[in-house]
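> Have a look at the structure that comes next, please.
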Amino acid sequence: MKYKGYLIDLDGTMYRGKEAIPEATAFVQRLQQAEIPFLFVTNNTTKSQADVVANLSQNFDIHVSEAEVYTGSVATAAYLKEQNAGNKVFAIGEAGLKEALSTAGFVEEQVNPDYVVVALDREARYHDFELATLAIHRGARFISTNKDSNLPSEQGLIPGAGALTALVIAATKQQPTYIGKPEAIIMNEALKVIGLTKEEVIMVGDNYETDIMAGIQNDIDSLLVFSGFTKREDLNKVSQQPTYCVDSLAEWEFK
């Protein structure tokens, strides 16, 4: 099958932390030369679309536009707008999330927000979680940008947005609405942006739990590349398999 568009993960797929993956850079160049639409779909909420574009260009020789980047922050803001249930938000998160919420017309409110949004925040304080817990008890809707419990770093696996969310779950006894991969929310929003149907795209990523499950759970074909999180032997432990697997994106031909 020839796919009309590609949804592509970033960290572990296009690069590993600060390390370039040359085959990934060439993969994007091949897509561009073939004029095949693609959209980078990332759970990362710490960076704005402009920051992602700059990082790809300056560090990995991947040159794209902001319109070709879809972050967990933008997906969260889009979802909240669609709910039409108020514009007051208390967010635990970094600049990328807060910029996306502000651009979408949301205002910060600590005491009586309509929504509490929990994302990765490496500067979060106990008081932030105190405010979030109290606001949810007062009736604010609880949103988490993603379930990622850990993030790969140069030091090893560190706490992710899912770990911070777990603190608020424990304190409120409530489950949030999750936005990021593998959830349907971010995938449906990404399809709107790329302007294609589920049958016309393929999800490309290195993480079975997020990228590949995003495909499996949402009836989208998937391509697992063994360049990051998931190893080939890990697939022996799961019943649902990716549509395709490759050791390197250099092996992939546009079907």
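> Looking only at the chain, where both bridge partners belong to it, what percent of the DSSP beta bridges are antiparallel (to the nearest 5)? Mind showing how you got there, number by number?
Numbers: 6 of 36 bridges.
Roughly 15 percent of the beta bridges in the chain run antiparallel, per DSSP.
> A follow-up question, please. Once you treat every alpha carbon in segment 85-178 as an equal point and sum by Debye, what is log10 I(q)/I(0) at q = 0.20 Å⁻¹?
Taken in order of the listed q values, log10 I(q)/I(0) reads -0.92.
> Oh, and also: Given a cut-off of 19 Å, what percent of all Cα-Cα pairs of segment 186-255 lie beyond it? Write out the running numbers ahead of the final one.
Details: 759 of 2415 pairs.
Within segment 186-255, distances greater than 19 Å cover 31 percent of Cα pairs.
> Give me the percent relative contact order of segment 52-159, please, defined on Cα pairs under 8 angstrom at least 6 residues apart.
Numbers: 133 pairs, mean separation 23.6, N = 108.
Result for segment 52-159 is 22 percent.
> Just report the Cα centroid separation between segment 78-151 and segment 1-75, whole Å.
Taking the Cα centre of each part, segment 78-151 and segment 1-75 sit 26 Å apart.
> Continuing with the same structure: Can you put LEU120, LEU7, LEU164 in order, fewest other beta carbons within 10 Å first?
Working: LEU120 27, LEU7 30, LEU164 24.
Going from least to most buried by this count: LEU164, LEU120, LEU7.
> Sorted by packing (mean other beta-carbon atoms within 10 Å per residue), highest first, where do 97-103, 125-131 land? Please report the intermediate quantities before stating the final value.
Numbers: 97-103: 20.6, 125-131: 13.1.
Descending packing order for the listed peptides: 97-103, 125-131.
> Related question: May I ask you to evaluate 6.51 cos²θ - 1.76 cosθ + 1.60, the Karplus curve with θ = phi - 60°, for each residue of segment 40-45 and list the ³J(HN,Hα) values in order in whole Hz, giving x for glycine and proline?
6, 10, 10, 6, 4, 10
> For segment 30-142, with equal point scatterers placed on the C-alpha atoms only and solvent neglected, what are the log10 I(q)/I(0) values from the Debye formula at q = 0.11, 0.19 1/Å, to two decimals?
-0.41, -0.94
> Run the numbers on the chain and let me know its relative contact order in percent, using alpha-carbon pairs under 8 Å that are six or more apart. Display every interim value, and only then the final one.
Working: 500 pairs, mean separation 51.7, N = 255.
Reported relative contact order: 20 percent.
> Output the direction-averaged projected area (hull surface divided by four) of the convex hull of the alpha-carbon atoms of segment 1-75, in nm². If you can, show how the numbers build up before the last one.
Details: hull surface 19.9 nm².
Computed as one quarter of the Cα hull surface, the answer is 5.0 nm².
> Something else: Report the far tail of the P(r) of the chain, meaning the percent of Cα-Cα pairs longer than 21 Å. Display every interim value, and only then the final one.
Working: 18485 of 32385 pairs.
Result: 57 percent of Cα pairs exceed 21 Å.
> Can I ask one more? If you stretched the chain out fully between ASP61 and ASN150, how much longer would it get, using 0.36 nm times the residue separation minus the C-alpha to C-alpha distance? Could the numbers behind the result be given before it?
Details: separation 89, 0.36 × 89 = 32.04 nm, distance 2.72 nm.
Value of the extension gain: 29.3 nm.
> Please compute the Kirkwood hydrodynamic radius of segment 123-242 from all pairs of different C-alpha atoms, in Å with one decimal. Please report the intermediate quantities before stating the final value.
Details: mean 1/r = 0.0621 Å⁻¹.
Evaluated over segment 123-242, this radius sits at 16.1 Å.
> To continue, here is another question. Quick check on packing: order 53-63, 28-38 by the mean number of other C-beta atoms within 10 Å, highest mean leading.
Highest mean packing first, the order is 53-63, 28-38.
Taken together, the values in this text are just the output of simple stated rules run on the coordinates, not laboratory data. It should be emphasised that the depicted structure is a prediction, and the values quoted were computed from it without experimental measurement. When we count neighbours, we look across all protein chains shown, and the Cβ atoms used for this are built from the backbone with ideal geometry, even at glycine.
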